[in-house]
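These notes concern the structure reproduced below.
The values are calculated or read from the model by the stated rules, or taken from the named source; none is laboratory data. Predicted model, so just to flag it, every value in this text is computed and none were measured. Note: ideal-geometry Cβ built from the backbone for every residue, glycine included; neighbour counts use all protein chains shown. Calculation scope for accessible area: heavy atoms of the full protein, side chains included, ligands and nucleic acids excluded. Shrake-Rupley method; radii C 1.70, N 1.55, O 1.52, S 1.80 Å.
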Amino acid sequence: GAQSDGIVGGLQHNSASNIAKLLRDMGFNCVRLPFSTWMALTDPAISEERQEKTLSHNPELKGRTALGIYDAVIEACAAHRLMVIVDNHMSDGDWCCSNNDENGLWYNARWTEADWLEAHRIIAKRYRGQPWVVGQELRNEVRTAEVSKGKWVIPAWGGGGANDWHRAATKAGNEVQALNPNLLIVVGGLDYQKDLTGVARLPVHLNVPHKLVYAAHSYSWTHPGLDVSYEVLKGVLGRNWGYIITPGKPYTAPVWVNEFGTFHDCRKHTCEKWWPDFLRYLSEGDFDWSIWRIDGTNAHNSKQKEGGTEK
């Protein structure tokens, strides 16, 4: 739902119900479902050409808008007892992520912070009657980024300015909770969601307590050189975000590792060192996790060949 036409990826290969059943049969219990600010605010119609190309396995979805298709995917997940956490992945509808894609913050030259907040309100209101939607992720991979041609912004954790992610996340979380206090509010870290060190000095506090979840991402290329030993990897991840689950601290909260993965062909030796070490770290810390991602081919976007293998 976050890419160029607003259609959830994977529907070009199978029905929403079959995909949900496959995930449940594989033992998964939760899906992180991306959407863009553009998709939530405009609810675009899908051209006949795109419908024919992407919805042949889901003919009942032809004629629906992007949000209508998103509804159907959530309904399919609910029917198969899969929890859903909706994820504001992008501002524009397109591929994520790079420093110069103008989507590294929660706003850019086309979509303001107010637009982003309104998108979250739309999504929160739309699914507050759906009990299988259990959480709302406020933004994916906040990072230093070009927000318009030639204008670069470094996000901060604190400080109170326009680039203060802690401020913006707190505001958005409280607005979502005002509409649905049952939702988990998922707040990712800085620097492509790998840096939550600011939580130690400045935790997020929401109006509805015990609903905050921090989110971290990690890949083999996230921290080059961490395949030296398990202890080196453990030390870096612990300092970046693992420490947050330490009991009894002012900042103690769950951490959901909601993106990690490796190359499908195990190139660069990722399956030899980093992969088993990272799985060990997740297991020893008893972290909840989501692997990126279930649809292994590229969706419609401006950066990749549609239908190509996700790399």
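Give the residues of region 158-178 that are open to solvent by less than 50 Å² (accessible area, probe 1.4 Å) and touching a Gly at 6+ places or on another chain (Cβ under 9 Å), sorted by residue number.
Within region 158-178, Gly158, Asp164, Trp165, His166, Ala169 qualify.
Under 9 Å by Cβ, and 6 or more places apart or on different chains, what pairs join a residue from region 182-205 that is closer than 18 Å to Asn88 by Cβ and part of a loop (DSSP other than H, G, I, E, B) with one that is open to solvent by 60 Å² or more (accessible area, probe 1.4 Å) and at pLDDT 95 or above?
Leu183/Arg128; Gly189/Thr197
Filter region 170-186 down to residues that are within 14 Å of the chain's Cα centre (by Cα) and either hydroxyl-bearing (Ser, Thr, Tyr) or closer than 16 Å to Ala119 by Cβ (or both), then give me how many there are.
Total meeting the criteria: 2.
When you look at Thr42, is it polar (S, T, N, Q) and either modelled with pLDDT under 95 or in contact with a Leu (Cβ under 7 Å, 6 or more places away or on another chain) (or both), yes or no? Break it down into steps so the answer makes sense when it comes.
Working: polar (S, T, N, Q): yes; either modelled with pLDDT under 95 or in contact with a Leu (Cβ under 7 Å, 6 or more places away or on another chain) (or both): no.
Answer is no for this residue.
Could you check region 23-60 and list, in sequence order, the residues that are in contact (Cβ under 8 Å) with a residue 40 or more places away in the chain and part of a helix (DSSP H, G or I)?
Leu23, Arg24, Thr37, Trp38, Met39, Ala40, Leu41, Arg50, Lys53, Thr54
How about region 113-151: which of its residues are open to solvent by less than 20 Å² (accessible area, probe 1.4 Å) and assigned to a loop (DSSP other than H, G, I, E, B)?
Applying the first criterion (open to solvent by less than 20 Å² (accessible area, probe 1.4 Å)) to region 113-151 yields 116-117, 119-120, 123-124, 127, 133, 135-143, 145, 147.
Scanning region 113-151 gives Tyr127, Leu138, Arg139, Asn140, Glu141, Val142, Arg143.
Out of the residues in region 264-283 meeting the condition of being open to solvent by 20 Å² or more (accessible area, probe 1.4 Å) and part of a loop (DSSP other than H, G, I, E, B), tell me which one is farthest from Tyr214 (Cα to Cα).
The selected residue is Asp265.
Can you tell me how many residues within region 231-256 are in contact (Cβ under 8 Å) with a residue 40 or more places away in the chain, part of a helix (DSSP H, G or I) and open to solvent by 20 Å² or more (accessible area, probe 1.4 Å)?
So the count comes out to 5.
Could you please find all residues in region 61-105 being part of a strand (DSSP E or B) and open to solvent by less than 20 Å² (accessible area, probe 1.4 Å)? Steps first, answer last, please.
Looking only at region 61-105, we keep the residues that are part of a strand (DSSP E or B), and these are 83-90.
Listed by number, the residues that qualify are Val84, Ile85, Val86, Asp87, Asn88, His89, Met90.
Which of the residues spanning region 119-144 are of a type outside the set (A, V, I, L, M) and more than 19 Å from Met83 (Cα to Cα)? Step through it out loud before you land on a result.
Going through region 119-144, the residues of a type outside the set (A, V, I, L, M) turn out to be 120-121, 125-132, 135-137, 139-141, 143-144.
Result: Arg121, Glu141, Arg143, Thr144.
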